[in-house]
Amino acid sequence: MAIAMTIVNVGVSHRFAPAETLEKLAVPLAELGEVLPRLHAVPSVDEVAVLCTCNRVEVYAATSGQAGEVTRAVTGLLAGRRRLPLGEVLAVARTRVGGAAAEHLFSVACGLDSMAVGEDQIVAQIKAAARAGAAAGTTGPVISGLIDAALRASKRARTQTTISTEGISLARAGLDIAAEQLGGLAARDAVVLGTGSTGKLAARLLREAGVARLSVASRDAGRAAGVAAALRATPVPASDVPAALADADLLVTAIGAAAPVVAAGPVRAARAKAGGRPIFVLDLGLPPDVDPAVGGLPGVTLVDLTALGRHLADRAAPDQVPQVRAIVAAEAAEFMERRGQTAAAPVIAAMHAQITQLADAELARLEHRLPYLSEAQRAETAATVHRILRKVLHRPTVRAKEFSTGPDGPVYLDALRQLFELTTDEART
């Protein structure tokens, strides 16, 4: 017997968790290949994807079990990876089920839940999460459908409102602070470490700001070369970044490795050759890419995501937020209605087929008991029986469609299966 699956979101974000906890729970892209199969192996998890950005770690799962089981399993796994007390993670985690989970992802995709409200970099990050889940074989029609719907909602919001143009990305916000500190970015020497979506955005913004020399570094030499070529920049091996800081005015990091990749020692040695020249370091990684001790070195100003969050907290929200929230609510409701109707269809079909089969069997027995009925009488009798059955089934059919779209839809449909002893052969949806 197939059972409709429930969407569950278990997330930790900058809204509820201290930066230290968020940093420890972060799942770097390089570790997703190990984390996703472990989550997928949990008995109550049928499909799963992980979205990890600068200010959130979120798991989206489809389960045929209970949401509570998923919450305990997910938080337990995330806590265990970094040896954190389970209670500490449960205290800051938020669980959303069904329509609430869908609406939350739609809000995230539209930039409403970001530190920088309206930023559109989240779209690329959600697509990356979808690709990682597909590559690991942990997503299926439910989670893939959820993500696709979230991206459609984001596209609609960004097309029909000015949320993207009014909003500001974390990279842009950080570079605005750098410009204030350095007296502008034009004619400055900048180094960008990281060639993911955040790193590429930072490099593009720096080129547009008119920096004199732009260097792009990555642990993948090919990616560094590709990004550098597109922006008229110089590719640099990641191992050479500390030395490059002797001549740099600005360093932007966006790797999010499991441990800091920019240590204080090499930076101190490089800065000793800078002749007292100040440098601004913008760390956009989660976990942080830069050792906090770097911020204590002479002439170094270090701004990380925590400091950036404080800066953005004073920024007014874009005027279009209410319109975007309305789009999110409408799109999420439509998505859940489609899911409910899709789940209800095979149950309704099985119910109708079972009743029709019983009616046909009784009509066949009636024909044997009353062989003297004419063809016209038999046809009229059959039509009357089926007409009555259609009327009897109409209300349960309508109610099944209605209830299936609610938060208890799977429970209601399962009750119908049990009451009518229905067998459905549909794939899980």
Determine which member of the set Gln357, Gln418 is open to solvent by 90 Å² or more (accessible area, probe 1.4 Å), modelled with pLDDT of 85 or more and assigned to a helix (DSSP H, G or I).
Gln357
Only one of Gly210, Gly174, Gly196 that is open to solvent by less than 50 Å² (accessible area, probe 1.4 Å), at pLDDT below 90 and over 21 Å from Gly276 (Cα atoms):
Gly196
Failed item in (1) within 30 Å of Cys110 (Cα to Cα); (2) modelled with pLDDT of 85 or more, with Ala343 passing the rest:
(2)
For segment 360-380, enumerate the residues that are under 53 Å from the mean Cα position of the chain (by Cα) and open to solvent by 60 Å² or more (accessible area, probe 1.4 Å).
Asp360
Select from segment 268-289 the residues that are within 35 Å of the chain's Cα centre (by Cα) and outside any loop (DSSP other than H, G, I, E, B) and list them in ascending order.
Ile279, Phe280, Val281, Leu282, Asp283
I need a count of the residues in segment 290-334 that are under 16 Å from Arg158 (Cβ atoms), part of a helix (DSSP H, G or I) and open to solvent by 20 Å² or more (accessible area, probe 1.4 Å).
6
Within the set of pairs 6 or more residues apart or between chains, which connect a residue that is farther than 11 Å from Lys273 by Cβ inside segment 232-248 to a residue that is small (Gly, Ala, Ser) and open to solvent by 70 Å² or more (accessible area, probe 1.4 Å) with Cβ atoms less than 9 Å apart?
Pro235/Ala221; Pro235/Ala229; Pro237/Ala221; Ala238/Ala221
For segment 267-289, give me each residue that is in contact (Cβ under 8 Å) with a residue 24 or more places away in the chain, closer than 20 Å to Gly184 by Cα and open to solvent by 20 Å² or more (accessible area, probe 1.4 Å).
Arg277, Pro278
Would you confirm, using the coordinates I've provided, whether Gly87 is of a type outside the set (S, T, N, Q), without any contact (Cβ under 8 Å) to a residue 40 or more places away in the chain and within 26 Å of Gly309 (Cα to Cα)?
yes
Residue among Ala361, Ala344 that alone is under 30 Å from Asp414 (Cβ atoms) and touching a residue at least 12 places away in the same chain (Cβ under 8 Å):
Ala344
Those residues of segment 177-192 which are open to solvent by 40 Å² or more (accessible area, probe 1.4 Å) and either in contact with an Asp or Glu (Cβ under 7 Å, 6 or more places away or on another chain) or on the phi > 0 side of the Ramachandran plot (or both), in sequence order
Gly183, Ala187, Arg188
Has segment 221-242 got any residue that is at pLDDT below 90, of a type in the set (Ser, Thr, Tyr), within 24 Å of Val294 (Cα to Cα) and surrounded by fewer than 19 Cβ atoms within 10 Å (Cβ to Cβ)?
yes
When the residues of segment 125-163 are filtered to those that are open to solvent by 30 Å² or more (accessible area, probe 1.4 Å) and farther than 29 Å from Ser64 by Cα, which remaining residue is nearest to the chain's Cα centre (by Cα)?
Lys155
Within the set of pairs 6 or more residues apart or between chains, which connect a residue that is closer than 29 Å to Glu337 by Cβ inside segment 145-172 to a residue that is surrounded by 16 or more Cβ atoms within 10 Å (Cβ to Cβ) and aromatic (Phe, Trp, Tyr) with Cβ atoms less than 6 Å apart?
Ala149/Phe335; Ala150/Phe106; Ala153/Phe106
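The values are calculated or read from the model by the stated rules, or taken from the named source; none is laboratory data. Only a predicted model underlies this, so the values are computations on that prediction, with no experimental measurement involved. Note: ideal-geometry Cβ built from the backbone for every residue, glycine included; neighbour counts use all protein chains shown. The area values use the complete protein model at the heavy-atom level, side chains included, leaving out ligands, DNA and RNA. Shrake-Rupley method; radii C 1.70, N 1.55, O 1.52, S 1.80 Å.
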